[in-house]
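Engineer: Structure below; questions to follow.
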Amino acid sequence: MADDTENTEQTTPESDAVDAAKAAAADAEKALEAVQAEAAAELPSDEPVGAPAAPSTSAGAAAEPQGAGTRPNRRKVREGIVVSDDMTSTVVVAVIERVRHPRYGKTVQRTKKLYVHDAEDTAKVGDRVRVQETRPLSKLKRWRLTEVVERAR
């Protein structure tokens, strides 16, 4: 009989693996909660203070925004100079990007021309404008004018 009690007290390798997996899942869940709490503390929230955050149950739910009917704006915003306004409701904006050369480390300027939708034809050549990424509007237009930052002199 003593042998039977010893067998029930011993753990099998399968049960050890299950226990280790459960412990790892619990640790991962605690780490996720800590990261979410830290992110919520860093970003200003539209929700009232003290409102509980909705727990996420899956990876798809975690990617969804938590606001009511709002989503975070992930569209790119660039600032550049208008180089052409010959087309109707379209301007060409040159955006200068400064990057470090991967090998030599020197700062290099890269210029990219963006075709921008300007519905009111407000931007003129030489204006400094702010543009925002949008859905494809034509073959080349993927940006829209948000504001004219500075008029040309």
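Every read-out reported here was derived from the displayed coordinates using simple, explicitly stated rules and does not represent laboratory data. No experiment lies behind these values; they were computed from the predicted model shown. Backbone-built Cβ (ideal geometry, glycine too); neighbour counts: all protein chains shown.
Engineer: Suppose R0 equals 41 Å. What FRET efficiency, 1/(1 + (r/R0)^6) with r the Cβ-Cβ distance, do Thr146 and Lys30 give to the nearest 0.05?
Structural biologist: On the way: r = 42 Å, r/R0 = 1.01.
Efficiency at R0 = 41 Å is approximately 0.50.
Engineer: Leaving out same-chain residues fewer than 8 places away, which lysines sit with a Cα under 17 Å from that of Lys76?
Structural biologist: Lys112, Lys113, Lys141
Engineer: Classify segment 77-150: rounded, prolate or oblate, from the alpha-carbon gyration tensor (a ≥ b ≥ c, eigenvalue square roots; a/c under 1.5 rounded; otherwise prolate if a/b is larger than b/c)? Walk me through the numbers on the way to the answer.
Structural biologist: Details: a/c = 2.50, a/b = 1.90, b/c = 1.32.
Note, shape of segment 77-150 comes out prolate.
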